[in-house]
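Asker: Structure in structure tokens, see below.
The values are calculated or read from the model by the stated rules, or taken from the named source; none is laboratory data. Because the structure is a prediction, the values reported are computed rather than measured. All Cβ positions, even for glycine, are placed from backbone atoms using ideal geometry, and neighbour counts span all protein chains on display.
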Amino acid sequence: MKRHLGLVCFVGALLLLISIGCTSTPSPSDGGSKEESTPQLPQLVEGDVTQFVNPFIATGGAGFAVGSAHPGPNAPFGLVKVSPDTADKEGINFSHCAGYAYTDEYIVGFSHIHLYGTGVPDYGNLLFMPVASPIASDILSTKVQRSSYKKESEVAQTGYYKVHLDKPNTTVELTASTRTAYHRYTFKDKNTPHNVLIRLDHALPGGNVRDGHIHITSDKTFEGWLHSDGAMSKRGGGFMLYFVAKSKTPFQATTWKDDKIQLKELEQKGPKVGAFLTFPKDQTTVELQVGISMTGLAQAKQNLDKEGNNWDFEAQRQNTKQAWQDLLSRVRIAGGSQDQKTMFYTSLYHSYQMPTILSDTDGSYTGFDKKQHKAQGFTYYTDFSMWDTYRTLHPLLVLLLPKHQNDMVRSLLAMAKEGGYLPRWPLATGYTGTMVGASADIVIADTYIKGVRDFDAEAAYKAMTFLAMNPTPPGAKYGGRRDIEHYASKGYVQANKHSGAASVTMEFAYNDFAIAQMAKAMGKTKDVETYMKRSENYKHVWDDKMKFFRAKNADGTWFNDEFKDTVWTKDYVEGTAWQYLFFVPHDMDGLSTLFGGKDALLKRLDEFFELSFNEYEARERKLGLKKYYWHGNEPDLHVATMYILLGKPSLGQKWVRWIMDTRYENSPKGLAGNDDAGTLSAWYAFNAMGLYPIPGRDLYLITSPIFTRTQMTIEGKTIEIHALGASDKTKYVKKAWLNGKELPNLWLKHTELLKDGNVLRLELSDTP
């Protein structure tokens, strides 16, 4: 791997020396309620923080540990994510949900849209590939089209990707804006043809292009559209992708259809169509710009016109880099190792990949009613992996990028208005119904109760409660709340009718808690009582004899007679009984009661992490499903922080650091599993700063920061966290002060933290 990250600031070690021993103790004269004078602070990183971004992190891994990242460039939350699609010797394998696998030997081409970090492939449409052989139908075979490449030629930075393809002996460089891609190809051999293959039929595994149209409009321009049914997007009818492209220099065009070359035709329509662009052999550098839209050709052209430039590749590259710098530099840090800085800023970078901006430069977008709409006063987003992202990503955006998060909520409400219902996993221009629960409830409520409210709260509340109270029509694509009638009347989802019933019941209870919190904030007192009562429905699937949550049949009997606590069964969704044992993040008191008290719950937590530690140390089924703590999946991401609420913060800090140290690394296999649209990255970003959210509550737990100083700039407000002396060994937070006043517990409210000039100072120790 070769990366050009610019000059690196080598002050970390010096700053750490300065900071060690600088923690102060509370003044005995005031009973420890106030801190002593502030010691000298370590210097924050200055200048270009994009130097700490490594886009190759999470592009590798194997089995269930694949990260599903793409290394290609994009603007923050950009629609265009132009990136290489790769293959191994046998063809495209399992690890290509984002099109790319780090260990693959071949590049198939460079497609223009990708999901980030998902466990199911989609997108990967509109592929370009330089080829240096005569135009012939055999090139349309993937194994002929693809090229080997040398890893040392590969460069990935914010806003830039570069690689040298062996077969065409061509260097490919890519950059992008929000809705446009910029290709620059340098052909090294003047004695071979300089062709660029355009494929409208390309899609990632499980996808299929239903129809397409390409039109060569001049010797420098071409345009078209395609209708793609991806592995997930097909559930909502697929999507239309429109493009308008231009070349800096003239080309001769040859179209193709159904693997047959059409020498004289400049226009083709069908599911398998495309073109070859042929450039003169003395034209060693070829530059192409492509505008993308899911609304129409006119919008694609408009996007290209407004976001394109005067054929200045380096200027576009710098513009996109600056867009990333503007967002990433809102958080500046001091201390930590070089790898920890890289993990942190890459985690922020990956947290700003999805949801995806769908609205065009004029605000146009295709709604869930498949009609054209215009986002008035906001940016419209799609691609919400909410079963994952409600836990960490959206709370991080509420904290660091509240305006972006507000627009995302407005986008969800637009989907509800135009499609009829809040979505579960919206993709492109439609519902997919993927995963379970009503996670939009938590995303919206968490945003609202933290004071981000520039959206129609009444419309949001109405959409949330409609799904909570009404059955889902048969065959509805939006998902809804399955078996809501039985859940509302009996308190649980029936296992004899629905898979994963224990998990779904527990998700619904958490969803209801979120609705109750929003109702409380909106002054809907009667509804608070209703939904708080329903938020306790997790108790209906608790087996007091086995001391696990289990799925129930309609008659109240347990679904699975041969209960196994370490195996994925139909009781649960993507997890074991152990991994769902603590999934009641909203009601720690109620969970403690089920266990027989706080001490009993703590004892079970200790057992869980001891088993998890032993499983990890034994490398048991390293690439397979995990029995206990599984950071590569979502249901138990919060469990280590439970110790803080239960009065044993040092144990929470111990296990949070263990997770950070063992599940993250500065390498292509740097994550423990699918990043799931930034979920694991946001987990790291939060804990590296020393905070962790409880979604649906106005609360941050204080965990174990790895940086000695963190400065957040949020809409003109500056908030700092001082953790002087923080290191690999000094990880236990003993006390915390907010603006000199000692906190009674190791947590604080969002509204308390988010005031200009606030300083949260933490006293750390190397002993529990």
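Asker: In the range 348-384, which residue that is among the β-branched types (Val, Ile, Thr) and part of a loop (DSSP other than H, G, I, E, B) is nearest to the chain's Cα centre (by Cα)?
Answerer: Thr379
Asker: Report whether or not Ala488 is modelled with pLDDT of 95 or more, under 16 Å from Leu422 (Cα atoms) and not in a loop (DSSP other than H, G, I, E, B). I'd like the intermediate steps shown before the answer.
Answerer: Working: modelled with pLDDT of 95 or more: yes; under 16 Å from Leu422 (Cα atoms): no; not in a loop (DSSP other than H, G, I, E, B): yes.
Considered against the rule, which asks whether it is modelled with pLDDT of 95 or more, under 16 Å from Leu422 (Cα atoms) and not in a loop (DSSP other than H, G, I, E, B), Ala488 comes out as no.
Asker: Continuing with this model, one more query. Pairs needed: first member in the range 724-746, not assigned by TED's automatic domain parsing to the domain that holds Leu691; second member anywhere, at pLDDT below 95 and among the hydrophobic types (A, V, I, L, M, F, W, C); C-beta distance under 6 Å; at least 6 residues apart or different chains.
Answerer: Close Cβ pairs (under 6 Å, with a partner that is at pLDDT below 95 and among the hydrophobic types (A, V, I, L, M, F, W, C)) do not exist here.
Asker: Output the residues belonging to the range 58-78 that are farther than 17 Å from Ser347 by Cβ, of a type outside the set (Gly, Ala, Ser) and surrounded by fewer than 24 Cβ atoms within 10 Å (Cβ to Cβ).
Answerer: Phe64
Asker: I'm trying to understand the selection: among the residues of the range 73-94, which are in a loop (DSSP other than H, G, I, E, B) and either modelled with pLDDT of 95 or more or touching a Phe, Trp or Tyr at 6+ places or on another chain (Cβ under 9 Å) (or both)?
Answerer: Of all residues in the range 73-94, those in a loop (DSSP other than H, G, I, E, B) come to 73-82, 89-90, 92-94.
Answer for the range 73-94, where residues must be in a loop (DSSP other than H, G, I, E, B) and either modelled with pLDDT of 95 or more or touching a Phe, Trp or Tyr at 6+ places or on another chain (Cβ under 9 Å) (or both): Pro73, Asn74, Ala75, Pro76, Phe77, Gly78, Leu79, Val80, Lys81, Val82, Lys89.
Asker: Checking the structure you have, find out if any residue of the range 299-317 is at pLDDT 95 or above, assigned to a strand (DSSP E or B) and among the hydrophobic types (A, V, I, L, M, F, W, C). Reasoning before the result, please.
Answerer: At the first step, the residues of the range 299-317 found to be at pLDDT 95 or above are 299-307, 311-317.
Filter once more, keeping what is assigned to a strand (DSSP E or B): none.
No, that holds for no residue.
Asker: So which of Asp122, Asp138 is assigned by TED's automatic domain parsing to the domain that holds Asp259, charged (D, E, K, R) and under 22 Å from the mean Cα position of the chain (by Cα)?
Answerer: Working: Asp138 fails: under 22 Å from the mean Cα position of the chain (by Cα).
Of the residues listed, the single one that is assigned by TED's automatic domain parsing to the domain that holds Asp259, charged (D, E, K, R) and under 22 Å from the mean Cα position of the chain (by Cα) is Asp122.
Asker: Now, a different point. Scan the range 363-373 residue by residue and report those that are over 23 Å from Leu401 (Cβ atoms) and not small (Gly, Ala, Ser).
Answerer: Result: Thr366, Phe368, Asp369, Lys370, Lys371, Gln372, His373.
Asker: Gln517: part of a helix (DSSP H, G or I) and within 25 Å of Val443 (Cβ to Cβ), yes or no?
Answerer: So Gln517 passes the test.
Asker: Determine which member of the set Phe243, Phe251 is crowded, with 22+ Cβ neighbours inside 10 Å and without any contact (Cβ under 8 Å) to a residue 60 or more places away in the chain.
Answerer: When all the criteria are applied, what remains is Phe251.
Asker: Taking Glu715, is it over 21 Å from the mean Cα position of the chain (by Cα), farther than 25 Å from Gln40 by Cβ and of a type outside the set (Gly, Ala, Ser)? Quick ask: steps written out before the conclusion?
Answerer: Numbers: over 21 Å from the mean Cα position of the chain (by Cα): yes; farther than 25 Å from Gln40 by Cβ: yes; of a type outside the set (Gly, Ala, Ser): yes.
Here the answer is yes, as Glu715 does meet what is asked.
Asker: Something else about it: Does Tyr580 satisfy being part of a loop (DSSP other than H, G, I, E, B), assigned by TED's automatic domain parsing to the domain that holds Val541 and touching a Leu at 6+ places or on another chain (Cβ under 9 Å)?
Answerer: It is false that Tyr580 is part of a loop (DSSP other than H, G, I, E, B), assigned by TED's automatic domain parsing to the domain that holds Val541 and touching a Leu at 6+ places or on another chain (Cβ under 9 Å).
Asker: Moving on to the next point. Based on what the data block shows, is Leu204 crowded, with 23+ Cβ neighbours inside 10 Å, at pLDDT 95 or above and either outside any strand (DSSP E or B) or not assigned by TED's automatic domain parsing to the domain that holds Thr295 (or both)?
Answerer: Here the answer is yes, as Leu204 does meet what is asked.
Asker: Anything in the range 358-370 that is surrounded by fewer than 24 Cβ atoms within 10 Å (Cβ to Cβ) and within 17 Å of Leu241 (Cβ to Cβ)? List them, or say none.
Answerer: Residues satisfying the conditions are Thr361, Ser364, Gly367, Lys370.
Asker: Does any residue of the range 680-691 turn out to be part of a strand (DSSP E or B) and either within 28 Å of Asp326 (Cβ to Cβ) or among the polar types (S, T, N, Q) (or both)? Lay out the reasoning, then the answer.
Answerer: The initial filter retains those residues of the range 680-691 that are part of a strand (DSSP E or B), namely 691.
Now narrow it down to the ones that are either within 28 Å of Asp326 (Cβ to Cβ) or among the polar types (S, T, N, Q) (or both): 691.
Yes, there is a match, as at least one residue in the range 680-691 is part of a strand (DSSP E or B) and either within 28 Å of Asp326 (Cβ to Cβ) or among the polar types (S, T, N, Q) (or both).
Asker: Oh, and also: For the subset of the range 270-290 comprising residues that are in a strand (DSSP E or B) and in contact with a Gly (Cβ under 7 Å, 6 or more places away or on another chain), which member is surrounded by the fewest Cβ atoms within 10 Å (Cβ to Cβ)?
Answerer: Result: Gln289.
Asker: Let me ask another. Out of the range 599-641, which residues are touching a Leu at 6+ places or on another chain (Cβ under 6 Å) and either not in a loop (DSSP other than H, G, I, E, B) or not assigned by TED's automatic domain parsing to the domain that holds Pro695 (or both)? Spell out the reasoning first.
Answerer: First, pick out the residues of the range 599-641 that are touching a Leu at 6+ places or on another chain (Cβ under 6 Å): 602, 628, 641.
Within the range 599-641, Leu602, Thr641 qualify.
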